[in-house]
Amino acid sequence: MSDEQPTGGRVGVFGGTFDPLHIGHLMIALEVRHALQLDRMTLVVANDPWQKAGTGVTSAEARLELTRAGVDEINARIGSPVIEVSDAEIRRGGETYTADTLEEMKAHDPTVELFLLVGSDAAAGLPTWKRPDRVRALATTVVVERGGRVGGRPPDDWPHLVIDVPLMEVSSSDLRQRFADGRPVEAFVPPAVIDRIRRLGLYGSTS
Ligand code: ATP
């Protein structure tokens, strides 16, 4: 993040591939921010997600551009820059580890209080992440649960909050297929993101 970013406060950290950003991602960012009264929510665009290695992910630069476009649009609609986009993992390059990202955010701004969003599908696996003790120490873990379900949880000795968000059946993989097939995407993807996707010719889309 640049030096112009505001500092301090309660900040959510929401990592993802964002290939592409969709309304499910924005919904989570806004719901969790509201529920925990966070000052800002930072979408961290993954560079080289080790979980998805070898699956042919869209270039980090293109995913960053799409994410920025969608975030600018929703911030303008809200009238305040409540969501930020971080390119920290892309700038660092190589494989992406949350512990490194949290450390960098704390080093950049030691007064910030971090809240790490984790889907309930990933929560039980937290101890297998790289340097899990640093992940646990640097941020409050927030398990994001969908539509009142009770999914996975971190181990008992891992402090965490649980925030329930509405169930929204939208995924980036389905959307990539929709673009490729020429099926409707307008209800799922912010307009500015659709414009960029078509301009960049991503996902087999045509303008
Ligand atoms: P793909 O379909 O390519 O796996 P995705 O949208 O599930 O894409 P990411 O872009 O990495 O994957 O998503 C970032 C985070 O957002 C993940 O933790 C994922 O669980 C969560 N997420 C994605 N879509 C939704 C949704 N519709 N509702 C709630 N959480 C979601």
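The values are calculated or read from the model by the stated rules, or taken from the named source; none is laboratory data. If you're wondering where the values come from, they're calculated on a predicted model, not measured in any experiment. Here the Cβ is made from the backbone with ideal geometry for all residues, glycine too, and neighbour counts use every protein chain on show. These accessible areas exclude ligands, DNA and RNA; they are computed on the full protein's heavy atoms, side chains included. Shrake-Rupley method; radii C 1.70, N 1.55, O 1.52, S 1.80 Å.
Values as computed for the structure displayed
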| quantity | calculated |
| --- | --- |
| Förster-model FRET efficiency, 45 Å R0, Arg199 and Val162, C-beta, rounded to 0.05 | 0.70 |
| Net charge contributed by nearby residues that have their C-beta within less than 10 Å of Gly151 (K/R +1, D/E -1) | +1 |
| Mean Cα-pair separation over length for segment 93-207, i.e. relative contact order, pairs under 8 Å, 6 or more apart, % | 19 |
| Helix 23-35 vs. the chain, principal-axis angle (Cα, 0 to 90°, nearest 10) | 30 |
| Gain on full stretching of the segment that runs from Arg10 to Thr128 - 0.36 nm per residue minus C-alpha separation | 39.9 nm |
| Crossing angle, helix 60-78 versus the chain [Cα axis fit, 0-90 degrees, rounded to tens] | 80 |
| Per residue accessible area in Å² of segment 10-204, where ligands, DNA and RNA are left out and the probe is 1.4 Å | 47 |
| GNM result for the chain, Cα springs below 10 Å: residue of Asp72, Asp174, Asp39 fluctuating most strongly | Asp174 |
| For the chain, size of Cβ-based charge dipole, Lys and Arg +1, Asp and Glu -1, in debye | 340 |
| Protein accessible area in the chain, 1.4 Å probe - carbon and sulfur % | 50 |
| Nearest 10 degrees, 0 to 90: helix 98-108 Cα axis against the chain principal axis | 80 |
